[in-house]
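*Asks:* Would you mind keeping the following structure in view while I ask a few things?
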Amino acid sequence: MKKGDIYEGIIERIDFPNKGVMYADGEKIEVKNGLPGQKVRIGISKKRGGKCEGRLLEVVEQSALEYAEDPCIHYGACGGCLYQTIPYEEQLKIKEEQVKKLLDSVCSDYVFKGIKPSPISGGYRNKMEFSFGDEYKDGPLALGMHKRGSFYDVVTVTDCKIVNPDFCKILAEVKAYFEELGVGFYKKLQHTGYLRHLLIRRAVKTGEILADLVTTTQEEYDLAPLARRIQELDLEGTLVGILHTSNDSLADVVKNDGTEILYGQDFFYEELLGLKFKITPFSFFQTNSLGAEVLYETARSYVGETEDKVVFDLYSGTGTIAQILAPVAKKVVGVEIVEEAVEAAKENAKLNGLENCEFIAGDVLKVIEEMKDKPDLIVLDPPRDGIHPKALGKIINFGVDRMVYISCKPTSLVRDLVVLQGNGYRVEKACAVDMFPGTTNVETVVSLSR
């Protein structure tokens with residue numbers, strides 16, 4: 001078996017996050033984006049160190065799992081959702097098996113509580129970052145998601161299934177406006193052009209909407225007519241703000257080099273578990289509001305008794321977990337590296353009348369040694385790559401009896417669990433929570449005791 005060889009076979013399973021597994025000539029081949037049960041034709045793309053990877057060339061026969069009603073019309077071209085053709089109950093089974101397999105590889109004698117579904121499986125996202133580009137080289141303007149397997153091509157998603165229709169209406173209007181003007185998008189290789197991203201946030205509970213156009217400063221246009229056109233749209237929710245953010249960064253990320261308000265305000269409100277949260281364009285907030293309630297209720301139940309205890313909420317974002325725990329704790333201290341998120345957390349605590357929350361801006365690795373309070377228990381909710389090894393060592397040194405680890409990437413979680421278990425902690429129970437229907441992502445909550 002060598003690079004370039006062509007094989008046909010059946011995808012036997014899918015390992016997290018999207019690694020389909022098939023066998024040919026007695027060898028295991030990983031096939032990105034292959035679904036269990038599909039008969040596929042693949043080309044060997046990499047053979048190194050006993051590991052073999054194949055590129056999906058064609059789905060010869062669909063899987064028996066692929067019988068979902070009304071799948072997204074953009075499925076296949078759009079790189080956003082791998083599981084769109086699979087009914088939600090089957091998606092949950094796949095994710096549950098993936099998480100348990102990973103946990104079982106490093107843990108024993110723990111209770112796995114299965115997976116909790118998202119309350120809704122369609123239209124659940126409260127935030128989308130759409131990219132400007134073209135669907136093919138030198139093609140017409142596109143605005144949407146990157147094409148599957150492509151860094152450059154963009155698919156215009158006018159009927160995306162995982163957002164409220166308001167997102168698609170705003171997207172279509174913004175695209176039409178700049179098509180009429182003949183304005184071009186920012187070309188990543190040449191570092192020239194104007195249009196970069198369209199950021200839309202819409203609260204599920206309040207229905208408030210914030211739209212933010214992200215461009216370079218290389219060109220200048222009057223955006224007041226665009227703002228008026230967006231305001232005239234027939235939306236289900238309430239448009240509270242239209243913004244224009246400048247971003248001259250070379251990286252293909254939404255970065256804020258300055259934001260002006262074209263209409264309304266630069267924030268909106270969302271509600272979770274009876275608390276109110278003020279959210280700004282770039283502050284972190286769970287993208288599935290209803291799913292976040294399930295996630296945080298699960299985490300709160302895993303935390304257990306908090307009366308007269310000091311709780312550390314590390315990687316606290318806008319302080320959601322801290323504020324959910326604050327009413328039943330002596331004090332909660334949140335640490336978050338993004339200053340804008342920390343300011344939002346402080347404001348939200350005031351908004352909810354919570355006086356026993358403290359939020360510190362800084363890197364957990366650096367801040368943790370300077371903290372005056374000593375925790376009785378710790379909640380960890382790190383970014384996708386998990387906890388920095390040095391920071392994890394310092395966290396362990398606090399010697400708390402209980403920790404709750406919330407993870408959005410189970411492969412990072414199991415790596416950190418190896419270290420935690422090697423330093424005297426035991427995994428008591430774990431649960432998967434699906435926050436991302438249609439996609440390969442899944443959250444996991446783990447309870448640890450010393």
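*Asks:* If you find the alpha carbon centre of segment 417-449 and of segment 29-61, how far apart are they in angstrom?
*Replies:* 29 Å
*Asks:* Further question: Over segment 60-188, with the other protein chains present, what is the accessible area per residue in square angstrom, probe 1.4 angstrom? Intermediate results must be reported in sequence, preceding the final value.
*Replies:* Numbers: 6070 Å² over 129 residues.
Result: 47 Å² per residue.
*Asks:* Another question about this same structure. Alpha carbon centre of segment 110-127 versus segment 202-261: separation in Å?
*Replies:* 29 Å
*Asks:* Provide the percentage of antiparallel DSSP beta bridges, counting only those with both residues in segment 271-382; round to the nearest 5.
*Replies:* Numbers: 2 of 16 bridges.
Percent antiparallel among DSSP bridges in segment 271-382 is about 10.
*Asks:* What percent antiparallel are the DSSP beta bridges of the chain, to the nearest 5?
*Replies:* Numbers: 68 of 103 bridges.
Taking every DSSP beta bridge within the chain, about 65 percent pair in antiparallel fashion.
*Asks:* A further question follows. I'd like the carbon and sulfur percentage of the solvent accessible area for segment 260-375, probe radius 1.4 Å, heavy atoms only, ligands and nucleic acids excluded.
*Replies:* Working: 2390 of 4980 Å².
Carbon with sulfur: 48 percent of the solvent-accessible area.
*Asks:* Another one. Taking a cut-off of 21 Å, what percent of all Cα-Cα pairs in segment 303-450 are separated by more than that? Could the numbers behind the result be given before it?
*Replies:* On the way: 4497 of 10878 pairs.
So the portion of pairs separated by more than 21 Å is 41 percent.
*Asks:* Given the pairs Lys116/Lys331; Lys116/Lys390; Lys100/Lys255; Lys255/Lys278; Lys350/Lys372; Lys28/Lys101, which are separated by over 27 angstrom at their Cα positions?
*Replies:* Details: Lys116/Lys331 29 Å; Lys116/Lys390 32 Å; Lys100/Lys255 36 Å; Lys255/Lys278 20 Å; Lys350/Lys372 22 Å; Lys28/Lys101 18 Å.
From the list (Lys116/Lys331; Lys116/Lys390; Lys100/Lys255; Lys255/Lys278; Lys350/Lys372; Lys28/Lys101), the Cα-Cα distance tops 27 Å for Lys116/Lys331; Lys116/Lys390; Lys100/Lys255.
*Asks:* Using protein chains only and a probe of 1.4 angstrom, how many square angstrom of Ile406 are accessible, to the nearest 10?
*Replies:* Roughly 0 Å² of Ile406 is accessible to a 1.4 Å probe.
*Asks:* I'd like the accessible area for Ser246: 1.4 Å probe, protein heavy atoms, all chains in place, Å² to the nearest 10.
*Replies:* 30 Å²
*Asks:* Right, next: On full extension of the chain, what length is gained from Glu343 through Glu8, given 0.36 nm per residue of separation minus the C-alpha to C-alpha distance? Walk me through the intermediate numbers first.
*Replies:* Working: separation 335, 0.36 × 335 = 120.60 nm, distance 5.45 nm.
So the extension gain works out to 115.2 nm.
*Asks:* Decide, for segment 310-350, between rounded, prolate and oblate: order the square roots of the alpha carbon gyration tensor eigenvalues as a ≥ b ≥ c, take rounded if a/c falls under 1.5, and otherwise choose prolate if a/b is larger than b/c, else oblate. Please list the in-between numbers first.
*Replies:* Details: a/c = 2.47, a/b = 1.51, b/c = 1.64.
It is oblate, given that a/c is not under 1.5 and a/b is not larger than b/c.
*Asks:* Going by amide H atoms built from the backbone, whose H comes under 5 Å of the H on Gly34, apart from near neighbours?
*Replies:* Amide H to amide H, under 5 Å and 5 or more residues apart or across chains, Gly34 pairs with Gly20.
*Asks:* As a test of reading the structure, rank Asp159, Asp234 by solvent-accessible area (1.4 Å probe, protein chains only), most first. Spell out each step's value before the answer.
*Replies:* Details: Asp159 65, Asp234 120 Å².
Order by accessible area, largest first: Asp234, Asp159.
*Asks:* Further question on the same structure: (1) 31.6; (2) 22.7; (3) 20.5: which one is mean projected area of the Cα convex hull in nm² as calculated from this entry?
*Replies:* Looking at mean projected area of the Cα convex hull in nm² for this model, the match is (2).
*Asks:* Aspartates and glutamates within cross-link reach of Lys394: Cα-Cα under 12 Å, excluding same-chain residues under 8 positions apart?
*Replies:* Once the sequence-local aspartates and glutamates are set aside, what remains near Lys394 is Glu369, Glu370.
*Asks:* Please give me the summed charge of the neighbours of Cys78: other residues whose Cβ is under 9 Å from its Cβ, Lys and Arg +1, Asp and Glu -1.
*Replies:* The answer is +2.
*Asks:* A further question on this structure: What shape does segment 163-237 have by the C-alpha gyration tensor, where a ≥ b ≥ c are the square roots of the eigenvalues, rounded means a/c under 1.5, and otherwise prolate means a/b greater than b/c and oblate the rest? Intermediate results must be reported in sequence, preceding the final value.
*Replies:* Working: a/c = 2.45, a/b = 1.79, b/c = 1.37.
Taking the square roots of the gyration eigenvalues as a ≥ b ≥ c, segment 163-237 is prolate.
*Asks:* Over segment 380-450, how many percent of alpha carbon pairs lie in each 10 Å bin up to the one with the longest distance?
*Replies:* With a bin width of 10 Å, the distribution comes to 20, 56, 20, 4.
*Asks:* Give me the count of lysine pairs in segment 132-236 whose alpha carbons sit under 22 angstrom apart, restricted to pairs 8 or more positions apart or on different chains.
*Replies:* Pairs that pass both the separation and distance tests number 15.
*Asks:* Moving on. Largest first and in whole Å, what are the equivalent-ellipsoid semi-axes of segment 299-389 based on the Cα gyration tensor, each being the root of 5 times an eigenvalue?
*Replies:* Values: eigenvalues 68, 49, 30 Å².
Square roots of five times the eigenvalues give 18, 16, 12 Å.
*Asks:* For segment 147-259, what is the percent of antiparallel DSSP beta bridges, rounded to the nearest 5?
*Replies:* The antiparallel fraction comes to roughly 50 percent.
*Asks:* So, one more: Could you calculate the contour length gain from Leu233 to Tyr221, that is, 0.36 nm times the residue separation minus the distance between their Cα atoms, to one decimal place in nm?
*Replies:* Working: separation 12, 0.36 × 12 = 4.32 nm, distance 2.13 nm.
Once the chain is fully extended between Leu233 and Tyr221, it gains 2.2 nm.
The values are calculated or read from the model by the stated rules, or taken from the named source; none is laboratory data. The model shown is predicted, which means the values in this text are computed figures rather than measured ones. Glycine also receives a Cβ, built like all others from the backbone with ideal geometry; neighbour counts cover every protein chain displayed. Accessible surface is based on the protein model in full, side chains and every heavy atom, while ligands, DNA and RNA are left aside. Shrake-Rupley method; radii C 1.70, N 1.55, O 1.52, S 1.80 Å.
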